[in-house]
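What follows draws every value from the coordinates through simple rules; no lab data is involved. Worth saying up front: this structure is predicted, and the values here are computed from it rather than measured. Here Cβ is always computed from backbone atoms with ideal geometry, including for glycine, and neighbour counts include all displayed protein chains.
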Amino acid sequence: MQSAMFLAVQHDCGPMDSSAGSGPKSEEKREKMKRTLLKDWKNRLSYFLQNSSTPGKPKTNKKNKQQTFIKPSPEEAQLWSETFDELLASKYGLAAFRAFLKSEFCEENIEFWLACEDFKKTKSPQKLSSKAKKIYTDFIEKEAPKEINIDFQTKTLIAQNIQEATSGCFTTAQKRVYSLMENNSYPRFLESEFYQDLCKKPQITTEPHAT
């Protein structure tokens, strides 16, 4: 399953290795890349488990503003598999999915979606205009630092719309990115070892207790 997930990551998000072939050395190289990617994926998510182990413990360093996520119960985690919206509605689930996308080199998709959600809540025309230009610069224009994968027509339409920004400037692009995540990354997240572990119920020991 992990091998299949790795190959899917290469196809949809990660850059393919141009030197990859069919020989033993190429196979060994792919296996090494797979192990590195899976290790990186686990490392990125490990802090969720560490923070959730003592959810009631207060932070001793007031300058540390890192958000603590409370580990969900297996039942709560299982709800994430019902719909993509259920996953996004959970703070822990959203953070875990974001880390998963980072391991797939697709983090710009969820960042764009979140930026659009914030943009739609903006009331001030001045802020709406400045946020629209920033989103365009960060995610839409050619060779943007976090450029998302959308068609040329949609990019052109956005460039025209942000001249007089409205809350619907990025609606089409946001829907396409949402669909991309829902149909590609979301199923792989549900198959990941991290998510499967969250869904496991703790085993009840049958050893007799001393009286």
Per residue convex hull volume, Cα atoms of region 130-169, in Å³:
62 Å³
XL table K102/K175; K91/K200; K123/K175; K91/K133; K146/K175; K121/K155; Cα-Cα > 25 Å flagged, in table order, is K91/K133
Looking only at Cα atoms, what is the convex hull volume of region 108-148 per residue, in Å³?
46 Å³
Calculated log₁₀ intensity ratio I(q)/I(0) where the Debye formula runs over C-alpha points of region 100-206, q = 0.22 Å⁻¹:
-1.14
Mark the label point 7 Å from the Cα of K133 along Cα→Cβ and return the residues of region 158-175 whose backbone N is within less than 13 Å of it.
162-165
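Given a Förster distance of 22 angstrom, what is the FRET efficiency for E164 paired with D118, based on the Cβ-Cβ distance and rounded to 0.05?
Values: r = 20 Å, r/R0 = 0.89.
After rounding to 0.05, the efficiency reads 0.65.
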Binned at 5 Å starting from 0, the alpha-carbon pair-distance distribution of region 145-202 in whole percents comes out as 4, 16, 18, 17, 13, 9, 8, 7, 5, 2, 1
